[in-house]
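Read the structure below first, then the notes.
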Amino acid sequence: MTEAAPTWTEHATARLSEAGFRRGGARQAVVELLGRQTCAVSALEIEEALRDAPRRPARASIYRALDELERLRLVSRIEVGQGIARYEALHPGGAHHHHHLVCDDCGEIQPFADDELERTIGRVSRRVAFDVAEHEIVLHGTCGDCREQR
């Protein structure tokens, strides 16, 4: 009988503990929230989602937790333009890996995956003799709803 793989939340909590961080507080609330997300969220969206938590974390604590998670390579910081960053869990082994489409009009972000794109990145890596450790593709443009409103 094989054991189930740990969830990202369990993985992140264990990694934080190994790095000497205590469990609880704002950091744990951010970890648990990110563990439930399917795509990237901004720090302000995290703050809004945690607004009704029993111990509402301060904005500075949320940013500090995100910085710690990024340093430990548990989250990816995605620059979506206009000074806005979004954060999402980096799953072990690249599970749930995807890229993003960003609407420059309304700010909507949509995840996408493309096997051919991944193969192309591999071919480029081999051609230029460069080991790609990670990559993030962010495509900017106009979503269907905003395009229809034009």
**Request:** Pull up the DSSP beta bridges for the chain and report the antiparallel fraction as a percent, rounded to 5.
**Result:** 75
**Message:** Please state the shape class of the chain: rounded when a/c is under 1.5, otherwise prolate if a/b exceeds b/c and oblate if not, all from the C-alpha gyration tensor.
**Reply:** oblate
**Fill in**
Spelling it out for S42: with amide H atoms placed in the peptide plane at 1.01 Å from N, the residues 5 or more places away or on another chain with amide H under 5 Å from its amide H are Y87
**Fill in**
Length gained if E108 through L72 is fully extended, taking 0.36 nm per residue and subtracting the Cα-Cα distance, is 10.2 nm
**Contact order relative to length of the stretch 11-136, as percent, for alpha carbon pairs under 8 angstrom and 6 or more apart** = 19
**Fill in**
Computed ³J(HN,Hα) along the stretch 38-50: with the Karplus parameters 6.51/-1.76/1.60, θ = phi - 60°, integer Hz and x for glycine or proline, the list is 9, 8, 5, 10, 7, 4, 5, 5, 5, 4, 5, 5, 9
**Asked** Which helices pass in the chain if a helix is a full DSSP H run, must span at least 20 angstrom along its long axis by Cα, and must have mean Kyte-Doolittle hydropathy not below -1.0?
**Response** none
**Prompt:** Size of the dipole of the stretch 36-150 about the Cα centre, Lys and Arg at +1 and Asp and Glu at -1 on the beta carbon, nothing else charged, in debye to 20?
**Reply:** 380
**Prompt:** What percentages, rounded to whole numbers, describe P(r) for the stretch 98-150 computed over all alpha carbon pairs with 5 Å bin width beginning at zero?
**Reply:** 4, 18, 21, 17, 13, 11, 8, 5, 2, 0
**Asked** Summing +1 for each Lys or Arg and -1 for each Asp or Glu, what net charge is found among the other residues whose Cβ lies under 14 Å from the Cβ of E136?
**Response** -3
**Fill in**
Residues whose modelled amide H sits under 5 Å from the amide H of L101, counting only those 5 or more places away in sequence or on another chain, are Q110, F112, L139
**Prompt:** Under a plain spin-label model, where a point goes 7 Å from the Cα along Cα-to-Cβ, how far apart in nm are R15 and F130?
**Reply:** 2.4
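Read the figures in this text as sums done on the coordinates, not as results from a lab. What you see is a predicted model; the values in this text were computed from it and never measured. So basically every Cβ, Gly included, is an ideal-geometry build from the backbone, and we count neighbours across all protein chains shown.
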